[in-house]
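For reference, the structure is listed below as structure tokens.
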Amino acid sequence: MRPFLLLAGLFLAGAAAAEDKPVLTVYAPDYFGSEWGPGPGIEAGFEAICGCDLAFRTGDVLPRLLLEGDNTRADVAIGLNTDVTLRAREAGIFAPHGQDTAGLSLPVDWADETFLPFNWSYAAFVYDRTRLAAPPESFADLLEAEDLSIVIQDPRSSISGLALLLWVEAVYGEEAGRAWERLAPKVLTVTQDWSTSYGLFTEGEADMVLSFTTSPAYHIVAEEDDTKAAAIFEDGHYLFVELAAKVAGTDQPELADLFMDYVLSREFQAMIPTTNWSYPARLDEADWPQAFRDLPRPGAALFFSEEEAEALRRPAVESWRRAFSR
Amino acid sequence: MTAGRVAAGCVFAVVLAPLAAVIWRAGGLSGFGAAEWAAIRFTVVQAAVSAVLSVAAAIPLARALARREFPGRGVLVTLLGAPFLLPVIVAILGLLAVFGQAGLLGRGLGLLGVEAPRIYGFHGVVLAHVFFNLPLAVRLLLQGWLAIPGERFRLAASLGFGPSDVMRHLEWPMLRDVVPGLLAVIFLICTTSFAVALTLGGGPAATTVELAIYQAFRFDFDPGKAALLSIGQLILTGLAALAAARIAIPANFGDGLDRTARRWDATALWLRAQDALLIGAGGLFLLLPLGAITAQGLAAFARLPDAVWAAAARSLVVALVSAGLAIGLALALAVAASRKSRSPGFELAGTVGVAVSPLVLGTGLYLLLLPVADPVALALPVTALANALMSLPFAFRALLPAARAAERDYGRLADSLGMGGWARLRRLTLPRLRRPLGFAAGLAAALSMGDLGVIALFADPEFATLPLQVYRLMAAYRMEEAAAAALLLLGLTLALFWAFDRGGRGHATV
Amino acid sequence: MLRFDGVEVRQGDFVMRADLALTPDAVTAVIGPSGSGKSTLLATAAGFVTPERGEVRIGGEPVTRLAPADRPVSIVFQDGNLFPHLDIATNLALGRDPGGRVAAYRDEIETALARVGLEGLGSRRPGELSGGQQSRAALARAFLRHRPVVLLDEPFAALGPALRREMLALTAEIFADATVLIVTHAPEDARAIAAETIFVDGGVARSPAPTAALLDDPPPSLRAYL
């Protein structure tokens, strides 16, 4: 019997959570909910105050919510991104978060009533100081650099890949297609997701990888390795904001509201830097880990509203695709 | 008979119901644009090139192995089977460690002052597919070579045949029989490739249909387009599968490879040198990446987190359940197909799995389960089912020749004794199919170990499988531990295959 | 006992016709050139081939629609009579019970093995027996089935002359109470075992005729074959 129970424990999700406590179901991206992301800390912290059971469901958050429609089991979604939220808003999936956004420490003003930022960073190319002595200091430098190889993510499948696409749009506007044509020969490969790109970079496959300005913090904090750095471009960097939202059809509205409070709490915010490797959205800079305070930051934040992003997405993807098909 | 019908019915239901669910949810199919047609074209072209190159490279290698005897030959032939079984993510890491910019080859050439050619792009995809499928081709061709009776070579020697005469009169007719089926099989495998194209493709020009399906779901949220692409893929692979079924598929890849026929025509020194070179080069091409994976994974192996070991246990159980399902279905279909001279229905049921898009399958099953149960709670059973469906074609192909042989040799005897149902299965089918059953079970279990096609949509952080943990470690910047987890995945996959294949061989009589 | 009433079997272009009856409880031989339809005649009686016209009767009952195992017949093939992966005792047990439970028929199996001179060899596998011993085991299983009709399709073709004579004698002895139909390509086998012989030629099975008379004064087509 014991081996059987053990097996059942390995296999049947939720079997152990059959207590009387209410369950708050939170949809999150894989990296967020995994053993090595912020998920476990958040789960423990929230469960300590809510008298409930917090259950993460990881995977593609928005496609899953759109697929499920009214049948969704989600109460809260976390890990969404500004560039794709318009469809969710139009589908009427989410309810107002009810939080005061005045105290947020974002580089842009934020007054959205549905999507609540919890952390942010900038898209950036990360390089290894020991292998690249003179990194490009602007997009123009990058386009002109010879002998430089980079790995990027596919904007059709990766949120960071889309951020780069919008970054190039923000810098080059009408000329973005031309810029991509000059960038394409330097692109070693385009990967499906961020992890594969970053893995190729750490294996030494490419000189630079599309990632975030906060990525070097991981190496500094967790590996005591300061050889990785983000190349800061004088054009400014595209802002990457991650969001949480309350599902309109939730059957746990009070718990969902409580979770929204928790997202902006000091405890939650303090966990973010060294688990999700981003800047917290509401925490005084003085309370950031030293490594984050020391990280160089871009002079300007480039950012499109969700309407602008959605309008740009298709034509930008198409000209990107054409640049690579030559 | 009825078991075969039930199995075929189950297979078709599991393939078509999810597709229907996706179309229903999408409210119809949406049209193709230039990008979709480009994906279809790329898929067909790269699959065709990969198949031709795999077979072209396999012919001289199999020929060399067939006519040479040397210490370690058995081990080499066994290890050559490994790449086909490798989880894709692991294989790509290994390939890059050898052929990547910072790989062995790149650094070696760098020392000579030569810049290594980039692996990324069309040729990278083809290289990876050759890496996966060359071993399969070598094993099947070796089988063909060993099926040429030794007496023929004796006769050839008595008539003073040289190597080219032997090629013309003995080897060419065998190749003519074996090669078309082989090409079709490898073409099929390459059409559904996903992860290979995505990493090594070098850019959006290398978009396969499966990748386009992924993008349609994930970014455009256009299930109608995904469904249409999936139907296109089904038709494409269905046609190739039917063509493959018309051509004799080489029997039983797996047994009797540990012998050579005595040859008199290939004793010249330069021929020996040529074969040694071929075997050496082929061995290095296939085994170096395995060595690289091992070397990279060892560093962090000792500090693999518990969560990885738990995931490994979970993946093992999923693989076993999946292998059981695949074998059950394959056996029912193979037995049913073996009792008729032509049986397109059973053949199609046995082959269709290769054409199924894991993503559409997963999404469809998710939609179907949603109203009745919590799909996430059923993530692992669903994974086992989907993996079983994906490995069914290989299991079916492995069992069919033996099932036909058993039916041909003992079918009438069993009929005359009234052995039907369970008695026939226990007393005739299972014992006669023991070796291919072990082989097929090993294959199914190994393929299931590495797959994460459907789990992405269902995943629950507490119930991850091992390949998913590899990705999660990578997503958390933990590349060393990811490499160690990949090594664990490699070891378990090969161990599973070896154990089943061994079990099939043990106590084999006659 | 075994009758073919206006039977007509069609296999592609080939047609085999038979309208004849066997003498009960006796051995009848079937001879004829290769491809003449000898084995088809036997397969029709056994139920592996279904005639297009006519009726096969055993003991007066029509059996044409019955599956092979449901007919009151035992059959011994030219080869492949024993499952190589099962021991001899299990192979014999299968004659009584398709599940092959040896324990239930232990005594009968021992008796049958003794009857054909294979005492104590029940635990061997077919591969461990000589060709002659394998034939004996096949006969033992047919014996064990106690069916009124026994069909033998060139069962000893692979054996040498002396061994073959021995086997024919054994066959005659153990199936003395059954109606036996034996296909052979050797006329001397027919002489040795069968009082009557059916000559099959060009797809037509002729009525049984006394063996000695038939072979001593053959019709022209049989003369050509001999």
task = Give me a single rounded figure for B:119-129: the average over its residues of other chain Cβ atoms within 10 Å of their Cβ.
result = 1
ask   = Between C:Ala224 and B:Arg339, what FRET efficiency follows from the Cβ-Cβ distance if R0 is 45 Å, with the result rounded to 0.05?
value = 0.70
inquiry  = Explain nothing, just the number: dipole magnitude of the protein assembly as shown about its Cα centre with +1 on each Lys and Arg Cβ and -1 on each Asp and Glu Cβ, in debye rounded to the nearest 20.
reply    = 5600 debye
query = Fewest first, what order do B:Thr465, C:Thr211 take by the number of other Cβ atoms within 10 Å?
reply = C:Thr211, B:Thr465
request  = Determine ³J(HN,Hα), in whole Hz, for all residues of region A:28-34 in sequence, where each value follows from phi through the Karplus function 6.51 cos²θ - 1.76 cosθ + 1.60 and θ = phi - 60°; x replaces Gly and Pro.
outcome  = 8, x, 3, 5, 6, x, 6
key: Proximal lysines to A:Lys21, defined as alpha-carbon separation beneath 21 angstrom and excluding residues fewer than eight positions away on the same chain   = A:Lys246
inquiry  = Assuming 0.36 nm per residue, please report the length gained on full extension of the stretch B:Arg41 to B:Ile231 beyond their Cα-Cα distance.
reply    = 66.9 nm
key: Relative contact order [Cα under 8 Å, 6+ residues apart], chain A, whole percent   = 26 percent
request  = Run the quick spin-label model on A:Arg87 and B:Trp309: label points 7 Å from Cα toward the beta carbon, then report their separation in nm to one decimal.
outcome  = 4.2 nm
task = Please work out the ratio of the alpha-carbon Rg of region A:60-152 to 2.2 N^0.38 Å and round it to two decimals.
result = 1.56
ask   = What does the convex hull of the Cα atoms come to per residue for the protein assembly as shown, in Å³?
value = 199 Å³
ask   = What residue among A:Val26, A:Val241, A:Val171 shows peak mean-square fluctuation when chain A is described by a Gaussian network model with Cα springs under 10 Å?
value = A:Val171
inquiry  = Cross-link candidates for C:Lys38: which lysines have Cα within less than 26 Å, leaving aside residues fewer than 8 places away along the same chain?
reply    = B:Lys340
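Rounded to the nearest 0.05, what FRET efficiency do C:Arg53 and B:Val52 have when you use their Cβ-Cβ distance and R0 = 60 Å?
Numbers: r = 54 Å, r/R0 = 0.90.
Computed FRET efficiency for C:Arg53 and B:Val52: 0.65.
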note = Footprinting proxy, A:Lys186, C:Lys38, B:Lys340, A:Lys228: sorted fewest to most Cβ within 10 Å, the residues are B:Lys340, A:Lys186, A:Lys228, C:Lys38
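Pull out a ≥ b ≥ c, the square roots of the eigenvalues of the alpha-carbon gyration tensor of region C:18-81, then state rounded if a/c is under 1.5, prolate if not and a/b is larger than b/c, and oblate in the remaining case. Write down the numbers at each step before the final one.
On the way: a/c = 1.29, a/b = 1.21, b/c = 1.06.
Rounded.
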remark   = Restricting to aspartates and glutamates and to Cα separations under 12 Å from A:Lys228, and discarding same-chain partners fewer than 8 apart, the set is A:Asp128, A:Asp207
ask   = Can you work out the FRET efficiency for the pair C:Ala69 and B:Leu16, with r the C-beta to C-beta distance and R0 = 41 Å, to the nearest 0.05?
value = 0.65
note = Listed with the fewest Cβ neighbours within 10 Å leading, A:Phe118, B:Phe221, B:Phe463, B:Phe32 appear as B:Phe32, B:Phe221, B:Phe463, A:Phe118
message = Which residue fluctuates most in the GNM of chain C (Cα springs below 10 Å): C:Val30, C:Val200, C:Val102?
response = C:Val102
remark   = Dipole check, the protein assembly as shown, charges on Cβ (K,R +1; D,E -1), about Cα centroid: among B:Leu325, B:Ala137, B:Leu425 the Cα furthest to the positive pole belongs to B:Leu425
query = With charges only on Cβ, +1 for K and R and -1 for D and E, what is the dipole size of chain C about its Cα centre, in debye, rounded to 20?
reply = 320 debye
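Here, each number is a calculation from the coordinates, and none is a lab measurement. The shown structure was predicted, so the numbers you read here are calculated from the model rather than taken from an experiment. Quick reminder, even Gly has a Cβ in these numbers, built from the backbone with ideal geometry, and neighbours come from all protein chains shown.
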